[in-house]
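The values are calculated or read from the model by the stated rules, or taken from the named source; none is laboratory data. All figures in this text were calculated on a predicted structure; none of them were measured in a lab. All Cβ positions, even for glycine, are placed from backbone atoms using ideal geometry, and neighbour counts span all protein chains on display. All accessible areas refer to the heavy atoms of the entire protein, side chains included, with ligands and DNA or RNA removed. Shrake-Rupley method; radii C 1.70, N 1.55, O 1.52, S 1.80 Å.
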Amino acid sequence: MKTQPFLAITSGFLAVASSLSAQPTLKEAFKNQFLIGAAVNQRQFSEQDARGAAIVKAQFNSITPENVLKWEAVHPQPDEYNFEPGDRYVEFGEKNGMTIIGHTLVWHSQTPRWVFQDAEGKDLDREALLTRMSNHIHTVVGRYKGRIKGWDVVNEALMDNGMMRQTRWLKIIGDDYIVKAFEFAHAADPNAELYYNDYSLENETKRNACVELVKKLQARGVRIHAIGTQHHNKLASPTLAQMEKTLVEFSKLGVKVCITELDVDTVASSQRNTSADVADVTRQTGTDNSQASGLPDDLQQKQAQRYAEMFALFHKHADKIDRVTLWGVTDADSWLNRPGRVNHPLLFDRNGKPKPAFDAVIKAANPPTIPIVP
Ligand code: GLA
């Protein structure tokens with residue numbers, strides 16, 4: 001097959017660029033635009049994974065805990081909190097002068113069953129569940145008051161069809177459970193930024209549902225600082241136009257936007273599923289190990305191009321965006337690797353080396369100016 005000249009030049013440039021050690025870091029490149037974050041796991045923030053920790057320190061100025069502050073991890077039993085990992089996470093961020101994010105307080109997933117039940121295993125009533133939610137939020141947010149800058153208060157309350165997700169929270173408390181969660185979080189740390197976080201917000205139906213949800217929260221006096229749009233993306237979906245529309249519509253609500261969980265799935269058979277529902281993704285156990293021995297060069301370039309275009313869009317709308325966080329550090333850490341499905345969704349490869357996508361992102365921070373010829 002004949003290589004198109006443009007692609008040949010692009011890939012040549014990217015190959016050379018990735019070997020340059022004088023590259024600026026991500027956080028330097030975007031310092032006047034938005035924070036650049038990474039979701040970190042325990043091995044990274046405890047520095048057991050020294051290479052991962054070094055990348056985080058060098059490249060990122062914000063961190064989100066991949067798992068350790070989720071309910072099941074931080075509050076595994078009714079009377080038992082496990083703050084040890086959360087404390088280390090926050091210390092790591094403080095030691096390195098990072099903006100520390102909390103994730104996540106109220107979610108349908110990774111939340112133990114007992115949360116919704118009494119000691120006999122019967123469903124709690126509204127008041128009892130509100131009390132439990134309030135205690136959890138006050139305890140967790142309160143512990144890191146003034147240290148964690150902002151919290152994903154409610155995660156994924158909407159469905160792809162725009163309806164409210166029928167979670168135990170909704171069924172037992174009613175649809176003001178979101179208002180309550182924000183009120184508790186605000187009371188626990190009045191200076192913390194509070195976010196609503198969800199996936200597939202680039203799809204029109206879900207975008208509109210989120211706009212309505214946030215308007216309702218605002219009408220109830222809820223203080224919401226930003227909408228977190230996860231961006232678990234594919235190579236071609238969502239489109240840039242969809243992403244741009246979401247950025248613009250959300251910003252009209254008077255809130256900031258955070259890109260909270262960015263990655264670009266490269267596996268061929270994932271490209272058909274345009275939802276980023278964790279349940280759907282984790283069900284994708286079908287084997288597709290076509291990338292087990294590495295990301296083929298054409299896909300490497302395609303992914304770089306995709307990252308370049310997304311960051312060019314974020315650059316264009318930097319006034320609306322507070323933070324862009326990648327969901328992981330190297331490809332080896334990503335949640336998108338499943339048994340029989342090796343994936344390459346991030347900016348650093350399995351050896352911790354910057355990929356062509358990394359160079360493309362750095363380039364997007366300073367788009368070339370076109371000289372005006374007199
Ligand atoms: C969702 C959650 C994250 C994480 C990812 C997959 O997007 O918000 O905490 O669990 O799924 O790992």
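Checked against the criterion of being within 16 Å of the ligand (Cβ to nearest atom), open to solvent by less than 50 Å² (accessible area, probe 1.4 Å) and of a type outside the set (S, T, N, Q), the candidates F83, F45 yield just one match: F45.
The combined condition, being of a type in the set (D, E, K, R), within 19 Å of A53 (Cα to Cα) and modelled with pLDDT of 95 or more, is fulfilled by R350.
For N191, the criteria (1) assigned to a strand (DSSP E or B); (2) open to solvent by 50 Å² or more (accessible area, probe 1.4 Å) hold in every case but one, which is (1).
Among the residues here, L158 does not qualify as in contact with a His (Cβ under 6 Å, 6 or more places away or on another chain), within 21 Å of A219 (Cα to Cα), within 16 Å of the ligand (Cβ to nearest atom) and open to solvent by less than 10 Å² (accessible area, probe 1.4 Å).
Exactly one residue among N233, N203, N208 is within 20 Å of M159 (Cβ to Cβ) and open to solvent by less than 10 Å² (accessible area, probe 1.4 Å), and that residue is N233.
Here R168 fulfils each of the conditions (1) surrounded by 14 or more Cβ atoms within 10 Å (Cβ to Cβ); (2) closer than 24 Å to A38 by Cα; (3) of a type in the set (K, R) apart from (2).
In the set (1) at pLDDT 95 or above; (2) touching a Pro at 6+ places or on another chain (Cβ under 8 Å); (3) surrounded by fewer than 16 Cβ atoms within 10 Å (Cβ to Cβ), V264 fails one condition alone, (3). The residue list G142, G146, G162 contains one member that is in a helix (DSSP H, G or I) and touching a residue at least 12 places away in the same chain (Cβ under 8 Å), which is G142.
On inspection, D152 does not qualify as open to solvent by 50 Å² or more (accessible area, probe 1.4 Å), within 16 Å of the ligand (Cβ to nearest atom) and within 22 Å of the chain's Cα centre (by Cα). The set of residues from segment 48-80 being of a type in the set (D, E, K, R) and within 16 Å of the ligand (Cβ to nearest atom) comprises E66, K70, E72.
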